Amino acid sequence: MTDGRADVADVRRFWEPLGLPGLFDVHVHFLPPSIQRAVYAVFDHAGPKIGREWPIRYRHSHEERVEILRAMGVRRFPTLPYAHKPGVATYLNDWAAGFKRDVPESLWSATFYPEQGAAAYVGAALAAGVEVFKVHLQVGEFHLDDPLLDDVWGALQDAGTPVVAHAGSGPVGNAFTGPASTERLLGRFPRLTLVLAHMGAPECAEFLALAERHERVFLDTTMVFTDFFPPYPAELVPRLGDLGDRVLLGSDFPTIPYPYAHQLEGLARLDLGDDWLRAVCWENASGLFGTAGTG
């Protein structure tokens, strides 16, 4: 772990010349302490779902991490809890609601799992004002179109509330990852608002094509344009320029093995222009979620 405050200046040097009010990062995690420790342990031991050494740079307390984000100028961010088994989603959702009360600029986040009662607690979360949901197919080991989620997806489509879905096969794929269940889901619920985490890596081309075909499907940039991930296919980059209104900044803070600014530098190296960077780093997410709570 490093002193995250040492990284602040590099981040601000990126966005301030763009004339932005700050950064809108749609892929940040805050979890209950017991679950956070368990997640860190998986990364520390390069567990089977990680598959490689993965040193965590921002292993600070919740309070310290909020202050680091604020100092960097990350003005809006979610908590993105994700249920890894039945029976934990409501606990995670209750904890995330408390975080939202304490950190008003955060996006009120929640999760769900294919289980009896999912439609009821998702409906209650929507009625309460939850702004974003997170699901993680690699960790939770389920398909997006699991029949137990039919009513959940119907409610989410009607509400228009975004769902950040880790559906790609990175870092280690299994029988539940890849584009197939996302494509089937969108065939049944074509107006869903989905944010495809990590741009669907490593199935980048397939998930990009889904975003091109569905006007409510977004891609988040989390970790993709860094030295830690395989290179993004160069032939796809011009298509990202054309899809500029539906690409969103994501980081995976705090569970990243490099300084926060490294991701930003990777975006700049794509050479898609300052207007594209402004859209990705602030404007697109602001249009999707709004800027309430940023002062």
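The values are calculated or read from the model by the stated rules, or taken from the named source; none is laboratory data. The model shown is predicted, which means the values in this text are computed figures rather than measured ones. All Cβ positions, glycine included, derive from the backbone under ideal geometry; neighbour counts span all protein chains shown. What goes into the accessible areas is simple: the full protein's heavy atoms, side chains included, and nothing from ligands, DNA or RNA. Shrake-Rupley method; radii C 1.70, N 1.55, O 1.52, S 1.80 Å.
Consider the candidate values (1) 0.92; (2) 1.15; (3) 1.32; state which one is Rg/Rh (Cα atoms, Kirkwood Rh) computed from the structure displayed.
(1)
Distance from the Cα centre of the range 251-285 to that of the range 90-136, in angstrom?
26
Between Leu69, Leu270, Leu194, find the one with the highest GNM mean-square fluctuation for the chain; connect C-alpha pairs within less than 10 Å.
Leu270
When every alpha-carbon pair in the range 153-223 is counted, what percent end up more than 13 Å apart?
Working: 1483 of 2485 pairs.
For the range 153-223, the share of Cα pairs beyond 13 Å comes to 60 percent.
Order of 177-189, 110-122, 49-61 by packing, highest average Cβ count within 10 Å first?
Working: 177-189: 18.3, 110-122: 20.6, 49-61: 14.7.
Going by the mean number of other Cβ atoms within 10 Å, highest first, we get 110-122, 177-189, 49-61.
Pairs of alpha-carbon atoms within less than 8 angstrom and 6+ residues apart define the contacts here; what relative contact order does the range 1-157 have, in percent? Intermediate values should be presented prior to the final figure.
On the way: 213 pairs, mean separation 35.0, N = 157.
About 22 percent, as a whole number.
To the nearest 20 debye, what charge dipole does the range 204-272 have about its Cα centre, counting +1 at the Cβ of each Lys and Arg and -1 at the Cβ of each Asp and Glu?
Working: 5 positive and 11 negative charges, 18 e Å.
For this selection, approximately 80 debye.
When ligands, DNA and RNA are left out and all protein chains stay put, how many square angstrom of accessible area per residue does the range 129-249 have with a 1.4 Å probe?
Values: 4260 Å² over 121 residues.
On a per-residue basis, 35 Å².
Evaluate the relative contact order of the range 81-219 (contact order divided by residue number), counting alpha-carbon pairs under 8 angstrom at least 6 apart; express in whole percent. Don't jump to the answer; show the numbers that get you there.
Numbers: 250 pairs, mean separation 26.9, N = 139.
Computed value for the range 81-219: 19 percent relative contact order.
Taking the Cβ-Cβ separation of Ala180 and Ala120 as r and a Förster radius of 41 Å, what is the calculated FRET efficiency to the nearest 0.05?
On the way: r = 28 Å, r/R0 = 0.69.
For Ala180 and Ala120, the calculated efficiency is 0.90.
So what are the ³J(HN,Hα) numbers for the range 235-244, from phi and the Karplus equation (6.51, -1.76, 1.60; θ = phi - 60°), rounded to whole Hz, Gly and Pro as x?
Result, rounded to whole Hz: 5, 8, 4, x, 5, 5, x, 5, 9, x.
Could you quote the convex hull projected area for the range 63-141, Cα atoms only and averaged over all directions, in nm²?
Values: hull surface 21.7 nm².
The orientation-averaged projected area of the Cα hull of the range 63-141 comes to 5.4 nm².
Can you give me the long-range amide H partners of Lys134? Hydrogens built in the peptide plane at 1.01 Å from N, cutoff under 5 Å, separation of 5 or more residues or another chain.
Ala110, Thr111, Phe112, Val164
Is there a quick way to get the dipole size of the range 250-295? I mean about its Cα centre, with the Cβ of Lys and Arg at +1 and of Asp and Glu at -1; what is the value in debye to the nearest 20? List each step's numbers first, then the result.
Details: 2 positive and 6 negative charges, 23 e Å.
My answer is approximately 100 debye.
Which of Leu92, His198, Leu144 sits farthest toward the positive end of the charge dipole of the chain, with +1 on the Cβ of Lys and Arg and -1 on the Cβ of Asp and Glu?
Farthest towards the positive end: Leu92.
When you have a sec, figure out the Kirkwood radius of the range 224-287 from all distinct Cα pair distances and drop it here in Å to one decimal?
On the way: mean 1/r = 0.0813 Å⁻¹.
Computed over Cα pairs of the range 224-287, the Kirkwood hydrodynamic radius comes out at 12.3 Å.
When the Karplus curve 6.51 cos²θ - 1.76 cosθ + 1.60 is applied with θ = phi - 60°, which whole-Hz ³J(HN,Hα) does each residue of the range 4-15 get, with x for Gly and Pro?
Each residue of the range 4-15 in turn: x, 5, 5, 8, 4, 4, 5, 5, 5, 5, 7, 8 Hz.
Rounded to the nearest percent, how much of the accessible area of the range 1-101 (1.4 Å probe, protein heavy atoms only) is carbon and sulfur? Don't skip to the answer; put the middle values down first.
Working: 2520 of 4600 Å².
Roughly 55 percent, rounded to a whole number.
Tell me the mean residue ellipticity at 222 nm calculated for the chain from its helices only (DSSP H runs of n ≥ 4, each -39500 (n - 2.57), averaged over every residue, nearest 500).
Details: 13 runs with 116 residues, N = 295.
Here the helix-only value at 222 nm equals -11000 deg cm²/dmol.
Taking all protein chains in place and a 1.4 Å probe, what share, in percent, of the accessible surface of the range 221-293 do carbon and sulfur account for? Don't skip to the answer; put the middle values down first.
Values: 1370 of 2740 Å².
Ligands and nucleic acids excluded, carbon and sulfur reach 50 percent.
Which value, in debye to the nearest 20, gives the size of the charge dipole of the chain about its Cα centre, when Lys and Arg are +1 and Asp and Glu are -1 at the Cβ? Present the calculation step by step, with values, prior to reporting the outcome.
Working: 25 positive and 37 negative charges, 85 e Å.
Once rounded to the nearest 20, the dipole reads 400 debye.
Write down Rg/Rh for the range 1-100, rounded to two decimals, with Rg from the C-alpha atoms and Rh from the Kirkwood relation over Cα pairs.
Values: Rg = 15.3 Å, Rh = 15.2 Å.
In the range 1-100, Rg relative to Rh is 1.00.
Under 8 Å for C-alpha pairs, at least 6 residues apart: give me the relative contact order for the range 237-295, rounded to a whole percent.
50
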